[in-house]
Amino acid sequence: MPDLKMSWAGGKTSDLLSRRQVLMGGVLGIAGATHLAATAHAPTVTGDRAASAAAPAAPAATAAGTFTIGGDLVVNRMGFGAMRVTGPGIWGEPKDPAEARRVLQRAVELGVNFIDTADAYGPEVSERLIAESLAPYPRGVVIATKGGLLRPSAPQWVPDGRPEHLREACEGSLRRLKLARIDLYQFHAIDPKVPLEDSLGELARLRQEGKIRHVGVSNFRVDELARARRVVPVVSVQNRYNLADRGSEDVLGVCMRDGLAFIPWAPLASGSTTRLEGGADRDSEGGAALEKVAAAHGASVMQVAIAWLLARSPAMLPIPGTGSVQHLEENTAAARLQLSPAELAALG
């Protein structure tokens with residue numbers, strides 16, 4: 001699958017990662033995840049009571065703790081990104097629609113109550129599958145979506161921040177998701193042809209009309225975030241961030257300071273069994289540390305990458321995504337993985 005590219009404001013160009021990139025080549029020691037995955041719903045037994053029946057453990061995602069978005073939406077910090085329930089290249093229908101629906105339903109069973117999607121995923125497929133699988137939504141489940149990117153064809157992601165388009169996109173998402181109001185609506189990317197104040201101004205109007213509860217932004221720099229917050233209250237930022245790519249560290253700092261949620265996309269793009277995303281070999285200091293920590297816990301490097309994000313900041317709300325129930329369970333089990341201070345220091 002070719003890399004997907006789109007242009008940002010100021011002439012920047014960023015890669016929208018393929019499945020291979022986002023999931024670290026798709027092979028990151030998955031076999032090593034079986035121990036954590038197997039305990040996702042293991043009973044809690046201690047001491048002399050080990051032989052007796054015990055109450056089931058809480059759903060795995062609850063181990064990540066909670067974050068309150070916008071002051072009123074309490075979610076578990078282990079979220080789910082619904083990009084990969086679509087077809088190859090994030091285009092069209094999934095190869096196995098029944099599995100895609102099982103993934104979404106299983107996520108909720110595992111305690112995930114924050115699901116992130118976008119109208120561009122499919123396009124429109126992810127949102128529709130979420131509604132078909134989960135509506136009417138269980139109490140407390142927050143569906144976040146995004147608008148502002150067009151998909152003329154599979155390899156194209158074209159920014160469109162025109163107010164009229166964002167209104168149309170939001171109303172389309174409301175219909176597909178079967179919602180009267182979207183809890184978190186995120187501006188997917190700045191359109192270099194449209195002032196961000198115009199784009200965010202329309203989201204502010206949609207919020208005033210009750211169609212949006214809270215506004216978030218995606219792929220924003222610190223200065224752009226400041227401009228957006230002068231137009232409308234912003235409660236979250238969704239930027240690329242992982243062990244190998246910490247280019248949004250300054251944005252994360254603003255989120256921590258001001259109580260905004262930081263939602264890392266490509267949270268698993270941190271390495272593979274042969275090479276780390278961003279060029280660090282497994283034999284390098286960083287790659288070797290990642291492998292060592294994973295081995296110490298009987299976990300995969302993917303799970304360590306998620307656990308590292310959770311430990312990095314209380315504002316962090318990871319949304320690892322997959323189209324496989326097995327991978328979902330492995331990813332979610334990482335919420336229970338506790339890294340020691342020494343391990344965190346080794347990972348940097």
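What number of residues in the stretch 326-346 are open to solvent by 20 Å² or more (accessible area, probe 1.4 Å) and not charged (D, E, K, R)?
To start, the set of residues in the stretch 326-346 that are open to solvent by 20 Å² or more (accessible area, probe 1.4 Å) comprises 326-327, 329, 336, 338-346.
With the extra rule that they be not charged (D, E, K, R), the set shrinks to 326-327, 338-342, 344-346.
So the answer is 10.
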> How many residues does the stretch 297-348 hold that are under 19 Å from Phe262 (Cβ atoms) and of a type in the set (D, E, K, R)?
Replying inline: 1
>> Taking the criterion of being in contact (Cβ under 8 Å) with a residue 60 or more places away in the chain, closer than 18 Å to Gly323 by Cβ and open to solvent by 50 Å² or more (accessible area, probe 1.4 Å), would at least one residue in the stretch 61-69 satisfy it?
In response: no
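Scan the stretch 70-83 residue by residue and report those that are in contact with a Leu (Cβ under 8 Å, 6 or more places away or on another chain) and open to solvent by less than 30 Å² (accessible area, probe 1.4 Å). Step through it out loud before you land on a result.
Initial filter on the stretch 70-83 (in contact with a Leu (Cβ under 8 Å, 6 or more places away or on another chain)): 70, 73, 75, 77-80, 82.
Passing the criteria: Leu73, Val75, Arg77, Met78, Gly79, Phe80, Ala82.
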>> Can you pull out every residue in the stretch 303-315 that is in a helix (DSSP H, G or I) and open to solvent by 10 Å² or more (accessible area, probe 1.4 Å)?
In response: Leu310, Ala311, Arg312
>> Looking at the stretch 123-143 only, could you name the residues that are open to solvent by less than 10 Å² (accessible area, probe 1.4 Å), more than 19 Å from Glu329 (Cα to Cα), of a type outside the set (D, E, K, R) and touching a helix residue (DSSP H, G or I) at 6+ places or on another chain (Cβ under 7 Å)?
In response: Ser126, Leu129, Ala131, Ile143
>> For the stretch 90-108, which positions are in a helix (DSSP H, G or I) and either open to solvent by 30 Å² or more (accessible area, probe 1.4 Å) or modelled with pLDDT under 95 (or both)?
In response: Pro97, Ala98, Glu99, Arg101, Arg102, Gln105, Arg106, Val108
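Results for (1) in contact with a strand residue (DSSP E or B) (Cβ under 9 Å, 6 or more places away or on another chain); (2) closer than 30 Å to Arg207 by Cβ, shown as yes or no for each residue.
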| site | (1), (2) |
| --- | --- |
| Gly87 | yes, no |
| Val108 | yes, yes |
| Gly111 | yes, yes |
| Ala118 | yes, yes |
| Val125 | yes, yes |
| Arg128 | yes, yes |
| Pro138 | no, yes |
| Asp160 | yes, yes |
> Can you tell me how many residues in the stretch 109-142 are at negative phi and either among the aromatic types (Phe, Trp, Tyr) or in a strand (DSSP E or B) (or both)?
Replying inline: 6
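Can you tell me how many residues within the stretch 120-132 are acidic (Asp, Glu) and within 16 Å of Trp265 (Cα to Cα)? Write out each step before concluding.
Going residue by residue through the stretch 120-132, those that are acidic (Asp, Glu) are 124, 127, 132.
Those still in the list that are within 16 Å of Trp265 (Cα to Cα) too: none.
Of the residues in the stretch 120-132, 0 are acidic (Asp, Glu) and within 16 Å of Trp265 (Cα to Cα).
The values are calculated or read from the model by the stated rules, or taken from the named source; none is laboratory data. These figures come from a predicted structure and were not determined experimentally. Don't worry about glycine lacking a Cβ; one is built from the backbone with ideal geometry, like all the others, and counts go over all protein chains shown. These area figures cover heavy atoms from the full protein model, side chains too; ligands, DNA and RNA do not enter into them. Shrake-Rupley method; radii C 1.70, N 1.55, O 1.52, S 1.80 Å.
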